[in-house]
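Pasting a structure here, questions to come.
Just so it is clear, none of the values below were taken in a lab; they were calculated from the coordinates. All values reported here derive from a predicted model rather than from experimental measurement. For neighbour counting, all protein chains shown are included, and Cβ atoms are generated from backbone atoms with ideal geometry for every residue, glycine included.
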Amino acid sequence: MHVIETQNLYKEYTQKFSKQKVNALNDFTFNVEQGEIFGLLGPNGAGKTTLIKILLAITFPTNGSAKLFGTDVKNHKAKTKVGYLPENHKFPSYLTGEQVLKYYGQLSGMSAGTDMNKRIDEMLGMMNLTQWRNTKIKKYSKGMMQKLGLAQSMLSDPDLIFLDEPTDGVDPIGRKEIRDILAQIKSRGKTIFLNSHLLSEVEMICDRVAILNKGDLIKEGNVDDLTKAENIFAIHTVDTLTMDVKQKVLAIDGNAGIGEKEINTEAGIDKLNGIIDSLRSNGVKIQTVNQKTSTLEELFINVIKKDNTN
Ligand SMILES: Nc1ncnc2c1ncn2[C@@H]1O[C@H](COP(=O)(O)OP(=O)(O)OP(=O)(O)O)[C@@H](O)[C@H]1O
Ligand SMILES: [Mg+2]
């Protein structure tokens, strides 16, 4: 059974005044499996929030269907094992951290009592917020607020958690803390659905991503496969390359890109080694040799550009 499953989802909005139609999702079919950290990426207006809203039955598809844990999202029981951290959440600022968790715990159907209090203690500890539990949240920093939001989404121990921009506005140390917490949740078999614009972050956290553009699913795959090494190598030398040496490199790979102390080649591993032999036999010291991998950000920009010109 898939944790999330959508079948040919379509969502068409009609703008209120102009009556213009917007296709927010086109024939969107995908699955998320148990224990995955799944990232949904896409430019502004791509349809990401629309998808989350359909999965949480906050809005309904024009066509197609969606299931959580095998139950149609139209059935409210589909949501019993789900946690949600909305983007830009606003908790009542006059409450303390602990009161926020009690309030939202009860809203999610937990009964007030020892079990809930124990769970709140556990969550505050996990988020490093124990010493702030009795402080009003209006005094919390942005990072503390996000961690409190994360605690809220995990309070009822859900099996699937939707996180909309969980590290938004959080400093590098806080982001690392959040990444570690997500890894910990994942190791307990939970599934995480993440919506983020911070692609370096997504690259570090997610197992699999889908890229949405104008309602279309244009790319989907494992992060490792999508960013895997390309056949491009960069050699950096200690010594400045002489004209003579440059000529010898070009004799091996006529398309090599050559700088003062740098050679880039896409001619494959044999020619790379040929270039290295030639440099060494000419007494050139090599500092580093690197294989280029594309970042998720590079991939994202490329596929969006390509899709927009089609
Ligand atoms: N309630 C609505 N009524 C009409 N059009 C809407 C409504 N909600 C969203 N849209 C339109 O649907 C498209 C997808 O919007 P959506 O909010 O899902 O994008 P998004 O990928 O979440 O963008 P962002 O990254 O900016 O949050 C946009 O063109 C948007 O204008
Ligand atoms: Mg959105």
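What do you get for the angle between helix 296-309 and the principal long axis of the chain? Use alpha-carbon atoms, 0 to 90 degrees, nearest ten.
Compared with the principal axis, the helix lies near 90 degrees.
Subtracting the Cα-Cα distance from 0.36 nm times the residue separation, let me have the gained length for HIS89 to LYS306 in nm, one decimal.
Net length gain for the segment: 74.7 nm.
Note the per residue figure in Å³ for the convex hull of the C-alpha positions in the stretch 129-182.
Working: hull volume 4.9 nm³, N = 54.
Residue-normalised Cα hull volume stands at 90 Å³.
Can you give me the angle between helix 97-107 and the longest principal axis of the chain, using Cα atoms only, in degrees from 0 to 90, rounded to the nearest 10?
70
Here is a follow-up. Report, as a whole number in µm² per second, the diffusion coefficient that Stokes-Einstein gives for the stretch 193-263 at 20 °C and 1.002 mPa s using the Kirkwood radius over alpha carbon pairs.
136
If the viscosity is 1.002 mPa s and the temperature 20 °C, what Stokes-Einstein diffusion coefficient in µm²/s follows for the chain when Rh is the Kirkwood radius over Cα pairs?
Calculated translational D: 95 µm²/s.
Also, I was wondering about something else. Between ASN8 and ASN222, 0.36 nm times their residue separation minus their Cα-Cα distance comes to what?
Once the chain is fully extended between ASN8 and ASN222, it gains 74.9 nm.
Still on this structure, please answer the following. State, as an integer percentage, the relative contact order of the stretch 229-293 based on alpha-carbon contacts under 8 Å between residues 6 or more apart.
It comes to 53 percent, rounded to a whole number.
Right, here's the next one. Counting only DSSP beta bridges with both residues in the stretch 4-226, what percent are antiparallel, rounded to the nearest 5? Don't skip to the end; give the middle numbers.
Details: 22 of 39 bridges.
DSSP beta bridges in the stretch 4-226 are roughly 55 percent antiparallel.
Could you tally the net charge around MET1, taking each other residue with its Cβ under 14 Å from the Cβ of MET1, Lys/Arg +1 and Asp/Glu -1? Write out the running numbers ahead of the final one.
Numbers: positive: LYS67, LYS81; negative: GLU5, GLU33, GLU36, ASP72, ASP159.
Every neighbour counted, the sum reads -3.
Note down the relative contact order for the chain as a percent, whole number, built from C-alpha pairs under 8 angstrom at least six residues apart. Working shown, then result.
On the way: 543 pairs, mean separation 59.5, N = 310.
About 19 percent, as a whole number.
Further, regarding this structure: How far apart, in nm, are two points set 7 Å out from the Cα along the Cα-to-Cβ line at LYS21 and at ILE286?
6.0
What's log10 of I(q)/I(0) for the stretch 229-293 at q = 0.13, 0.22, 0.27 Å⁻¹, Debye sum over Cα points only, no solvent?
Evaluating at q = 0.13, 0.22, 0.27 Å⁻¹ gives log10 I(q)/I(0) of -0.27, -0.83, -1.29.
Hey, what number do you get for the chain at 222 nm if only DSSP H runs of n ≥ 4 count, each worth -39500 (n - 2.57), divided across all residues, to the nearest 500?
Counting only the DSSP helices, I get -10500 deg cm²/dmol.
If each residue of separation counts as 0.36 nm, what is the full-extension length gain between ASP121 and ASN44 once their alpha-carbon separation is subtracted?
24.0 nm
What is the Å³ per residue value for the convex hull set by the Cα atoms of the stretch 118-267?
Considering the Cα atoms of the stretch 118-267, their hull volume per residue is 191 Å³.
Continuing with this model, one more query. Note the angle between two axes, namely the Cα long axis of helix 243-252 and the longest principal axis of the Cα atoms of the chain, as a number of degrees from 0 to 90, rounded to the nearest 10.
So the inclination is approximately 70 degrees.
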